[in-house]
Amino acid sequence: MQNKKIIWLDVGTHFAQEYSAIFGSNFNFFNALIRRLISWKVFGRGHPISYSQIRILLESRSFIKRNRNLFYIIFVEANTAIFQSKKIYKEADIAINMALTDDTEDGFSLQKLYIKNHEEMSQSSSIYREKKEKNKQNKDDYMLVNGVTSAAFMTNLEKYLREKFRDYALMLRINCEGAEDSVIYSAQDVFGKKLKLISGSLKDVGVYKGKDALYALNQFIDDKDIKLTYFSPEIHSWSEGFSSILRLVSQSKD
């Protein structure tokens, strides 16, 4: 029986830390764990991590990494400076330098990507201006990027995947600085039950669009019974992130 593919759709890839946590070098992975353990055990800083948690992380990571062939990786990143400079994008099956946007009359648009703190390589750049005055991006500090509506992107992606694979499960790893709601609504609308997992962080919806928008998004995810997992570059999120992906791999191998 043919194994089901897992489509790792990573929207707001930035430096691809979550992908690298699983599929990156063993040296970097162990170095990160050792630094976290020393920081907690010796200096009492940050989130605690136990030896049993480390063992589970190692086992989960090893199993997922051995099954890399089950994954089809798609990176989507709006920041051109990041996209062109990070070698990690060469590891993706598809790498797309584009911002996914809310619905507009035109599927394609040129978008201002506002740069945070004048840092071109900032991982917090957004097509939205922050609501909190003290954290607003400078209105004149931006780069012009290609934009496509989330609905148009998902529709075209679904057509491509339908032609390429007999069966697949969609995992949406997301952190796109306020556009998460549009991306998730469109992904569910287009892919339906194939959308098995959302991992990442949704808090920026509240930052850029308000608490009501964030509440509506969480309610939508609950109503559609989609698994939601917090998964970030922070090591304390890896247990939950790894275990959710592990379940997808196990299901795909059945």
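The table for this structure:
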read-out	value
Globularity index of the chain, i.e. its alpha-carbon radius of gyration over 2.2 N^0.38 Å	1.02
Sparse-neighbourhood loop sites, GluC sites (Glu not before Pro) in segment 81-133 - DSSP loop, at most 15 other Cβ within 10 angstrom	Glu105, Glu119, Glu120
Computed helical MRE - 222 nm, the chain, DSSP H runs ≥ 4 contributing -39500 (n - 2.57), nearest 500	-13000 deg cm²/dmol
All-pairs alpha carbon distance profile, segment 1-83, 10 Å steps from 0, percent	15, 36, 32, 16, 1, 0
Filter on Lys164/Lys227; Lys159/Lys193; Lys5/Lys159; Lys5/Lys164; Lys4/Lys194 - keep pairs with C-alpha separation over 20 Å	Lys164/Lys227
Net +/- balance of residues flanking Met121 in space, Cβ distance below 13 Å, scoring K and R +1, D and E -1	-1
Simple spin-label estimate for Thr104 and His236 in nanometres, 7 Å along Cα-Cβ	3.9 nm
When segment 154-237 is reduced to its Cα atoms, the Kirkwood hydrodynamic radius in Å	13.5 Å
Relative contact order computed over segment 156-203 (Cα-Cα under 8 Å; 6+ residues apart), in percent	51 percent
Accessible area in square angstrom per residue, the chain, 1.4 angstrom probe	52 Å²
Apportionment of accessible area to carbon and sulfur, segment 1-127, percent (1.4 Å)	52 percent
Gain on full stretching of the segment that runs from Arg68 to Tyr51 - 0.36 nm per residue minus C-alpha separation	3.5 nm
Rotationally averaged projected area of segment 29-158 (alpha carbon convex hull; nm²)	11.6 nm²
Listed residues Val190, Val249 arranged by accessible area, highest first, probe 1.4 Å	Val190, Val249
DSSP bridge pairs, the chain: antiparallel proportion in percent, nearest 5	20 percent
Area accessible to solvent at His236, 1.4 Å probe radius, in Å²	80 Å²
Taking segment 26-110 and dividing mean pair separation by its residue count, relative contact order in percent (alpha carbons under 8 Å, at least six apart)	19 percent
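The values are calculated or read from the model by the stated rules, or taken from the named source; none is laboratory data. Keep in mind that this is a model prediction, so the values were computed, not measured. We place every Cβ from the backbone using ideal geometry, glycine too, and count neighbours over all the protein chains shown. These area figures cover heavy atoms from the full protein model, side chains too; ligands, DNA and RNA do not enter into them. Shrake-Rupley method; radii C 1.70, N 1.55, O 1.52, S 1.80 Å.
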